[in-house]
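Worksheet for the structure shown next.
The values are calculated or read from the model by the stated rules, or taken from the named source; none is laboratory data. Note that the structure is a prediction, hence the values are computed from the model and not measured. Counting neighbours? That spans all protein chains shown, and the Cβs are built from the backbone with ideal geometry, glycine included.
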């Protein structure tokens, strides 16, 4: 089939009136911003033996804009509050001051990057504040936040278990990773499962196995055939543990095959015959359903739809598919809310659409061709049903 485009239209003379509305234009009225410090982002921990940068940032506003701000300073003090280090912060888009780490210039967000091994203070807990000075020498200072500085050691993955293949119909299988960290197991945030494909150095997907939080060195979870949702073919899996500083273990690589089979549609419920309504009785609504399953679970089903061939051999709905839903939402008859299709139970694999028949519809045989499309663009084998429309 060709590319599927979600659209509304006419089936069996379905008169779904499309209401075109113009969105009201809204104007944003400018307001005077106070002199204040907000949206402070600090690292919880800094590794004193790391050559990676740690970003500190805060939004600083003033009624006069950037011209009303003289300077913004990052203050790092010891546990007694005695000032140890000061760093100027910049809103320059990281273009004028090397190491500012700022992303967007003149957006009122001031930033400063600090290389861990260049901090030059003893390990411990430090109070961090942001100080802003206005052009009229008014001074604001944020409340202190605690940042821990310590000599971090990256974690290790000592052992693991992961299947060679994720097959259709595979039952839940436990995967596990045995980890270690010289800074304690509580220092490990999670193990990342990254999937890579040939020719792409960046992961195309990533999943997380979280620290169980019970001082266990074994991080584990279960995978089954649904782990292949959106995935098909050969992947190189990369497993890494990440600690709270953001440092990673040495990666472990494993080739894994993901089987992904096309969905199946069957058991459509279509009336054998429909009788044209009279002009005075209005539109006749009829619920159409079909069952759908997928070897990777219904999460892998992207769309369910059908085409209707009219008695004059032309396609209804201007040749566009009519989409069906498994969301449990009642039929409203609103052409702007077609997902309210009259489905009875959400997530049960029975997809539904309520069709409307008018008194002016053609009489004769209508042929329905049902399909399902999955998230790796595999289309099911067609399922065909039909209905006779008579006077």
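With the structure loaded, tell me whether residue 101 is more than 37 Å from the chain's Cα centre (by Cα) and in contact (Cβ under 8 Å) with a residue 24 or more places away in the chain or whether it fails that test. Against the criterion (more than 37 Å from the chain's Cα centre (by Cα) and in contact (Cβ under 8 Å) with a residue 24 or more places away in the chain), residue 101 does not qualify. For the range 132-150, state whether one or more residues are in a loop (DSSP other than H, G, I, E, B), surrounded by fewer than 16 Cβ atoms within 10 Å (Cβ to Cβ) and in contact with a strand residue (DSSP E or B) (Cβ under 7 Å, 6 or more places away or on another chain). Looking through the range 132-150, at least one residue is in a loop (DSSP other than H, G, I, E, B), surrounded by fewer than 16 Cβ atoms within 10 Å (Cβ to Cβ) and in contact with a strand residue (DSSP E or B) (Cβ under 7 Å, 6 or more places away or on another chain). Starting from the range 32-49, keep only residues that are free of Cβ contacts under 8 Å to residues at least 24 places away in the same chain, then list their pairs with residues that are surrounded by 14 or more Cβ atoms within 10 Å (Cβ to Cβ) whose Cβ atoms are within a distance under 6 Å, requiring at least 6 positions of separation or different chains. Pairs that qualify, where the first residue is free of Cβ contacts under 8 Å to residues at least 24 places away in the same chain and the partner is surrounded by 14 or more Cβ atoms within 10 Å (Cβ to Cβ), are 38/59; 41/57.
I'm trying to understand the selection: among the residues of the range 159-204, which are assigned to a strand (DSSP E or B), within 13 Å of residue 257 (Cα to Cα) and touching a helix residue (DSSP H, G or I) at 6+ places or on another chain (Cβ under 9 Å)? Give the derivation first.
First, pick out the residues of the range 159-204 that are assigned to a strand (DSSP E or B): 159-161, 165-166, 173-180, 188-196.
From what's left, within 13 Å of residue 257 (Cα to Cα): 165-166, 195-196.
Within the range 159-204, 166 is the sole residue that qualifies.
Listed conditions (1) at pLDDT below 95; (2) in contact with a helix residue (DSSP H, G or I) (Cβ under 9 Å, 6 or more places away or on another chain) are all met by residue 391, apart from (2).
Scanning the range 90-100 for residues that are surrounded by fewer than 19 Cβ atoms within 10 Å (Cβ to Cβ) and touching a strand residue (DSSP E or B) at 6+ places or on another chain (Cβ under 6 Å), which turns out modelled with the highest pLDDT?
The first filter runs over the range 90-100 and keeps only residues surrounded by fewer than 19 Cβ atoms within 10 Å (Cβ to Cβ), leaving 92-99.
Then drop every residue that is not touching a strand residue (DSSP E or B) at 6+ places or on another chain (Cβ under 6 Å), which leaves 97, 99.
On the way: 97: 84, 99: 78.
Among those residues, the one meeting the criterion is 97.
Residues to consider are 327, 336; find the one that is more than 21 Å from residue 280 (Cα to Cα) and within 25 Å of the chain's Cα centre (by Cα). 327 is the lone residue from the list that is more than 21 Å from residue 280 (Cα to Cα) and within 25 Å of the chain's Cα centre (by Cα).
Applying the selection to the range 207-242, what residues are in a strand (DSSP E or B) and either in contact with a helix residue (DSSP H, G or I) (Cβ under 9 Å, 6 or more places away or on another chain) or free of Cβ contacts under 8 Å to residues at least 40 places away in the same chain (or both)?
In the first step, residues of the range 207-242 are kept if they are in a strand (DSSP E or B); the result is 207-210, 218-223, 233-242.
Of everything in the range 207-242, those that are in a strand (DSSP E or B) and either in contact with a helix residue (DSSP H, G or I) (Cβ under 9 Å, 6 or more places away or on another chain) or free of Cβ contacts under 8 Å to residues at least 40 places away in the same chain (or both) turn out to be 207, 208, 209, 210, 233, 234.
If you go through the range 151-162 one residue at a time, how many are touching a strand residue (DSSP E or B) at 6+ places or on another chain (Cβ under 6 Å) and more than 16 Å from residue 219 (Cα to Cα)? Please lay out each step first, then the result.
Of the residues in the range 151-162, the ones touching a strand residue (DSSP E or B) at 6+ places or on another chain (Cβ under 6 Å) are 152, 155-162.
Still in the running and more than 16 Å from residue 219 (Cα to Cα): 152.
Residues flagged as touching a strand residue (DSSP E or B) at 6+ places or on another chain (Cβ under 6 Å) and more than 16 Å from residue 219 (Cα to Cα) within the range 151-162 amount to 1.
Checking residue 137 against (1) farther than 28 Å from residue 232 by Cα; (2) touching a helix residue (DSSP H, G or I) at 6+ places or on another chain (Cβ under 9 Å), only one condition comes out false. Which one? Tallying (1) farther than 28 Å from residue 232 by Cα; (2) touching a helix residue (DSSP H, G or I) at 6+ places or on another chain (Cβ under 9 Å), residue 137 fails exactly one: (2).
Working carefully through the options 268, 280, find the one that is loosely packed, with under 13 Cβ neighbours inside 10 Å and not assigned by TED's automatic domain parsing to the domain that holds residue 190. Break it down into steps so the answer makes sense when it comes.
Values: 268 fails: loosely packed, with under 13 Cβ neighbours inside 10 Å.
Selected residue: 280, the only one of 268, 280 that is loosely packed, with under 13 Cβ neighbours inside 10 Å and not assigned by TED's automatic domain parsing to the domain that holds residue 190.
In the range 296-307, the count of residues that are under 18 Å from residue 384 (Cα atoms) and touching a helix residue (DSSP H, G or I) at 6+ places or on another chain (Cβ under 9 Å) is one or more.
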